[in-house]
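For reference, the structure discussed in these notes is given below.
The values are calculated or read from the model by the stated rules, or taken from the named source; none is laboratory data. All figures in this text were calculated on a predicted structure; none of them were measured in a lab. Counting neighbours? That spans all protein chains shown, and the Cβs are built from the backbone with ideal geometry, glycine included. Heads up: the accessible areas ignore ligands, DNA and RNA and are worked out on the full protein's heavy atoms, side chains in. Shrake-Rupley method; radii C 1.70, N 1.55, O 1.52, S 1.80 Å.
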Amino acid sequence: MARKISMRQAINEALEQEMTRDASVFIMGEDIAGGAGGNGDQDAWGGPMGVTKGLIGKFPGRVLDTPLSESAFIGAAVGAAACGMRPVAELMFLDFMGVCFDQIFNQAAKFKYMFGGHAQTPVVIRGMVGAGFRAAAQHSQMLTPLFTHIPGLKVICPSNAYDAKGLLIQSIRDNDPVIFCEHKNLYGIEADVPVESYTIPFGEANVLRDGKHCTIVSYGLTVGRSMEAAETLAKTGVECEVIDLRTLSPLDWDTVMDSVENTGRLVCVDEANPRCSIASDISARVAQDCFKALKGPIQMVTAPHSPVPFSPVLEDLYVPSAQQIAAAVKKTMAN
Amino acid sequence: MNAAKKSTPGGGIFPLDKPDLLVAYRTMRRIREFEERLHGEFAKGDIPGFVHLYAGEEAAGTGIMMHLKDNDRIASTHRGHGHCIAKGVDTKGMMAEIYGKATGLCKGKGGSMHIADLSKGMMGANGILGAGAPLACGAALAAKFRGDGGVAISFVGDGASNQGTFLESLNLAAIWNLPAIFVVENNGYAESTSRDYAVAVDSYVDRAAGFGLPGVTVDGLDFFAVYEAAGEIIKRAREGGGPALLECKMVRMYGHFEGDQQTYRAPGELDDIRDNKDCIKMFSERVIEAGVVSRAELEAIDREMTAEIDAALAFAKSSPSPTLADLSTDVYVAY
Amino acid sequence: MTDNRIVPIIMPKWGLSMKEGKVTGWLLEDGTQIKVGDPILEIETDKIAGSLEAGDAGVLRRRVGTPDTVYPVKALLGVIADPSVPDAEIDAFVASYVTPPADEGDDDEGSKTEIAQTPAGALRYAKRGDGAETVILIHGFGGDLDNWLFNIDALGEAATVYALDLPGHGQSTKTLDNPSLTTMTSALSGFMDTLGIASAHLVGHSMGGAIAMQLAASNPAKVKSMTLICSAGLGPDIGSYVDDYVAAQGRKDLKPALEQLFADKSLVSRQLVDDVLKYKRLDGVEAALKGLSQALFGGRKQHDAPASNLGAKMPPALVIWGKDDQVIPVAHAANLPGAKLHVIENAGHMVFMEKASEVNNLIKAHIAAA
Ligand SMILES: Cc1ncc(C[n+]2csc(CCOP(=O)(O)OP(=O)(O)O)c2C)c(N)n1
Ligand SMILES: [Mg+2]
């Protein structure tokens, strides 16, 4: 049975259901219960955004508040995964990856390969990404391209509550390390989400809208803006196919390329900085493999190549807008 | 085998009875033979990459590992051959791995710095200094969740003991009371830089105290000292007594890696090591002098080990190399 | 609207969650003489596309709905009236038409279906109408009660209609131990007992038809009549649909599978595919479907022949088939001696969706006669 819940609740429910189903699943992170060692509420925070609220009461001993030691606890999650557990470690803001990146890209991502296929590392590292929260340069980045660059990591970025639950359950059941990127500005947005557990397979993009004139590819927060642009353009007779990538590694190249074969035009929308981004990656591959199908120049709509600014005025200009996306479609259509 | 077993035919001189003394000797000889043959072969130019030899340090790895079972985990270092062998990993598979052959433990994809055998609880040598400590915390956490009495041991050199990951792990293990043991293998140098220059405290016991952990320093050249100290610490951890730090003061007999001219050493330093600080020689003399084991018995083991490593080398040299088809297997995401 | 010489054509409510629909095109010109059941115009919802069929006869006097425009449920789309009604009256009717608010409780979707705790587990069902006769709609393999969206309200005008989600399906329990026709039949029987339904007119589609026959054979007192639509259990043959449906992991495989259900493939909308995919991805569904398909249709053969057990216990029976059925061959329609038979042109396995009013009228007549 489905009912409307927020992406925050959907993630909480995915964690709860998987912890119920599988005793090897546990969660850890700074303040994910909150109140550890104090005399007050032991579930004081449930994570800085309340995503894990209520879980410690249901799973005492399996919701671990960690010290402020990302290297140690992310590494411990990786180590526990290599020893048969299924840890879900919250890195709070994925910007903090800097201090523990080694444990992720040199350890977790490489065990299976370095060890000749004999290791599996079912760890999920989840945390917040994205701008729009007035959290400035070190708490707002969309670092997805950094993760997709690393073979061995699976990289997920849901755009809505339904996908978030199914993809997180899939992430926990998956035997490889997964970086699960949660856009902080989507936490409060509701969608129809089944009460039951379900999974969404990795490497399956979601085509949200059919269209014959132009393909718009996006993920995360900018999926909504891409849809908004497509609806506006539809009123002028321009029909866009909107693709939500959902999983960035693996990436559903077939769906992207089939669509471009049909439309002949491509706009890549990416909240990351433009250099070596998801947008540039897709543009390059499509230019290489679908060159003959292209009727106009590929357009990229990304954040500017700057850190995320603090000033609300500037930050609002930072994330790709529906207007920018529509303008990019018009630009490629003009050719 | 455990430290409590002290009924010995040697009149209570040794903490192990004769069969176990022979096991210890065999393990140390196996390591030494393996490393010395590598030293010779490396000079011929047939072995690719970095090779860091454990020769001279055998007493430490062996004295500790004799307390472990397959479900106890170790996180090793770049100088990992000795840890592997002492943990029971097969020398043929190791040798083939070091030669980069398809028959290697990791199918030739890991090499000397990444040899792993998870079935033996060996979670991998590690090319990143200090990276093993968080992983060991994770392994210890997994053992604690399972309640199987398992322990995890993190090996770290004196140089790597300055890494944040290591220090964070001491704290994490302490606050979670993990069955984790941090072994500092202090061979006096990090590459060419001396421990006395790079480590601010004189004693690792003090460093452990700073994190609320018990610390013990032993003469790492003395197999029996290591064996007894490790036995107590491991037993305590198994019984829920929590983590500890064990410093083994030791020497390395060869360069940091093969090809190192070692000009940073004082004149005569290496001769002194060979003549007076060879841990295997020291062990042999003691057991022979005590009349527990005869020289002939040890020489028989020496011959056995030479034959074993001969066979390992022949296996490695005659094994096929991996092919292009292996290049992108065993990785979670195919581009 | 008191004037019954003027009949409004309104945006229908197809299914529980439909709040609005888009007129995609008119099929008839102004002034056309219309019979009941004639398709008048095409409508698309986020779930399904279909044509609105005439519920009343008369002349199409006015086309109000504009193509490519979205209207709320019950909005005025057109006017049917006798030629004798003056244009001015039609104008006035259109001008004064007010779209009635949605039915009470419409927002509250939960109240539209309920859960019955039966011996086979929790089963979801919908109930419509309060007529003297009781009708139970039984969906086919992989379907659910929402398949009956074009039928349940129409049948509910004259009867008390139940539609259930069988175990392993829709929003009912996904646990299906010992999957077999017998298990499914006792689930239906237990459902009737739980709701205190002593006997009913069974309308079964595909696998649901086989279940209806099996219940009639094993427990004749419970079955007053049966309507078998493109029913399983009347012969050994079956197409690749069940295998394709079970195997489909993504939209790309599922869409062609679902297209096998309809004569008009364009009825398979993106939303329909998405909804089925969401169902298929629930924990437990794959196992349930695999077990059930293996037991009933493994090796692409129908394993059960409930018709052969009916003998003298056969209730009044009506067999309806879509002539273009790709799942179960229309030839099976002739395999139930003593049943009334209707083969409908230009319709496939989902004939009750594709030709809803025709099928609804046949069922109503059959029940009335039984
Ligand atoms: C993070 C990191 N920094 C630097 C190096 C290069 N490096 C390899 S071994 C080594 C010295 C290690 O010294 P120590 O920890 O004492 O171990 P030992 O070699 O003496 O066994 C250095 C600096 C590395 N592999 N990883
Ligand atoms: Mg050193």
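Filter region B:64-84 for residues that are more than 16 Å from ligand 1 (Cβ to nearest atom), more than 13 Å from chain A (Cβ to nearest Cβ) and touching a helix residue (DSSP H, G or I) at 6+ places or on another chain (Cβ under 9 Å) and give the result. Within region B:64-84, B:Met65, B:Met66, B:His67, B:Leu68 qualify. In the list B:Ser321, B:Ser294, which residue meets the criterion of being more than 14 Å from chain A (Cβ to nearest Cβ) and of a type in the set (S, T, N, Q)? Being more than 14 Å from chain A (Cβ to nearest Cβ) and of a type in the set (S, T, N, Q) holds for just one of B:Ser321, B:Ser294, which is B:Ser294.
In this structure, does A:Glu228 turn out to be at pLDDT 95 or above, over 17 Å from the mean Cα position of the chain (by Cα) and over 18 Å from A:Lys295 (Cβ atoms)?
yes
Given A:Tyr162, A:Tyr187, A:Tyr198, which one is more than 14 Å from chain B (Cβ to nearest Cβ) and closer than 30 Å to A:Gly75 by Cβ? Please lay out each step first, then the result.
Details: A:Tyr162 fails: closer than 30 Å to A:Gly75 by Cβ; A:Tyr198 fails: closer than 30 Å to A:Gly75 by Cβ.
Selected residue: A:Tyr187, the only one of A:Tyr162, A:Tyr187, A:Tyr198 that is more than 14 Å from chain B (Cβ to nearest Cβ) and closer than 30 Å to A:Gly75 by Cβ.
The residue of region B:206-221 that is farthest from ligand 1 (Cβ to nearest atom), among those that are without any contact (Cβ under 8 Å) to a residue 60 or more places away in the chain and open to solvent by less than 50 Å² (accessible area, probe 1.4 Å), is B:Leu213. Output the residue which, of all residues in region B:173-196 that are open to solvent by 40 Å² or more (accessible area, probe 1.4 Å) and within 14 Å of another protein chain (Cβ to nearest Cβ), is nearest to A:Phe73 (Cα to Cα). It comes out as B:Ile175.
Are any residues in region B:122-136 more than 9 Å from chain A (Cβ to nearest Cβ) and surrounded by fewer than 24 Cβ atoms within 10 Å (Cβ to Cβ), and if so, which ones? Within region B:122-136, just B:Leu129 meets the criteria.
With the condition being in contact with a Cys (Cβ under 9 Å, 6 or more places away or on another chain) and crowded, with 22+ Cβ neighbours inside 10 Å, I'd like the strands (runs of 3 or more DSSP E) fully within region A:133-197 carrying at least 1 qualifying residues. Write out each step before concluding.
Values: elements: A:154-156, A:178-183, A:190-194.
Counting at least 1 such residues, we get A:154-156, A:178-183.
Of all the listed residues (B:Val199, B:Val151, B:Val156), the sole one being within 14 Å of chain A (Cβ to nearest Cβ), open to solvent by less than 20 Å² (accessible area, probe 1.4 Å) and within 12 Å of ligand 2 (Cβ to nearest atom) is B:Val156.
When region A:30-80 is filtered for residues that are aromatic (Phe, Trp, Tyr), outside any helix (DSSP H, G or I) and open to solvent by less than 40 Å² (accessible area, probe 1.4 Å), only A:Phe59 remains.
The helices (runs of 4 or more DSSP H) found wholly in region C:135-224 and carrying at least 3 residues that are away from chain A (no Cβ under 14 Å) and within 14 Å of the chain's Cα centre (by Cα) occupy C:152-156, C:207-218.
Look through C:Leu277, C:Leu282, C:Leu254, C:Leu318 and report the one residue that is away from every other protein chain (no Cβ under 14 Å) and among the hydrophobic types (A, V, I, L, M, F, W, C).
None of the others qualify; the one that does is C:Leu318.
The sole residue among A:Val260, A:Val256, A:Val242, A:Val308 that is at pLDDT below 95 and either over 25 Å from A:Gln138 (Cα atoms) or open to solvent by less than 40 Å² (accessible area, probe 1.4 Å) (or both) is A:Val308. Residue pairs whose Cβ atoms lie under 8 Å apart, sitting 6 or more positions apart in sequence or on different chains, and linking a residue in region B:107-119 that is more than 7 Å from chain A (Cβ to nearest Cβ) to a partner that is among the charged types (D, E, K, R) and open to solvent by 20 Å² or more (accessible area, probe 1.4 Å), are B:Gly108/B:Lys101; B:Gly108/B:Asp326; B:Asp117/B:Asp90; B:Ser119/B:Asp70. Going by the conditions given, is C:Gly204 buried (at least 20 other Cβ atoms within 10 Å of the Cβ), in contact with a Gly (Cβ under 9 Å, 6 or more places away or on another chain) and within 21 Å of C:Pro316 (Cα to Cα)? Judged against the criteria, C:Gly204 is a match.
From the list B:Val251, B:Val331, B:Val287, which residue is part of a loop (DSSP other than H, G, I, E, B) and more than 22 Å from B:His52 (Cβ to Cβ)?
B:Val331
Reported count of residues in region B:36-81, each being among the acidic types (Asp, Glu), assigned to a helix (DSSP H, G or I) and more than 16 Å from ligand 2 (Cβ to nearest atom), is 2. Scoring B:Asn71 on the criteria (1) out of contact with any strand residue (DSSP E or B) (no Cβ under 6 Å at 6 or more places or on another chain); (2) farther than 24 Å from B:Tyr25 by Cβ; (3) surrounded by 24 or more Cβ atoms within 10 Å (Cβ to Cβ) leaves a single failure, condition (3).
Criterion applied to A:Ser218, A:Ser277, A:Ser283 was being in the same structural domain as A:Ile325 (by TED's automatic domain parsing), modelled with pLDDT of 95 or more and out of contact with any Asp or Glu (no Cβ under 7 Å at 6 or more places or on another chain), and the one residue passing it is A:Ser283.
When the residues of region C:225-251 are narrowed to those that are part of a helix (DSSP H, G or I) and within 26 Å of C:Glu42 (Cβ to Cβ), which ends up modelled with the highest pLDDT? Among them, the one singled out is C:Tyr241.
Put simply, of B:Ala173, B:Ala198, B:Ala139, B:Ala225 the only residue that is within 16 Å of ligand 1 (Cβ to nearest atom) and among the aliphatic types (A, V, I, L, M) is B:Ala198. Could you go through region A:224-233 and let me know if any residue there is farther than 21 Å from A:Asp163 by Cβ and charged (D, E, K, R). No, there is no match, as no residue in region A:224-233 is farther than 21 Å from A:Asp163 by Cβ and charged (D, E, K, R).
For region B:159-172, which residues satisfy the criterion of being away from ligand 2 (no atom under 16 Å from the Cβ) and open to solvent by less than 10 Å² (accessible area, probe 1.4 Å)?
Result: B:Ser169, B:Leu170, B:Leu172.
Among the residues of region A:112-133, those identified as touching a His at 6+ places or on another chain (Cβ under 8 Å) and of a type in the set (Phe, Trp, Tyr) are A:Phe115, A:Phe133.
Within region B:207-214, identify whether any single residue is within 16 Å of ligand 2 (Cβ to nearest atom) and more than 14 Å from chain A (Cβ to nearest Cβ), and answer yes or no.
Yes, because at least one residue in region B:207-214 is within 16 Å of ligand 2 (Cβ to nearest atom) and more than 14 Å from chain A (Cβ to nearest Cβ).
Scanning region C:281-302 for residues that are in contact (Cβ under 8 Å) with a residue 60 or more places away in the chain and basic (Lys, Arg) gives C:Arg300, C:Lys301. Of the residues making up region A:93-118, those that are surrounded by fewer than 22 Cβ atoms within 10 Å (Cβ to Cβ) and assigned to a loop (DSSP other than H, G, I, E, B) are A:Gly117, A:His118.
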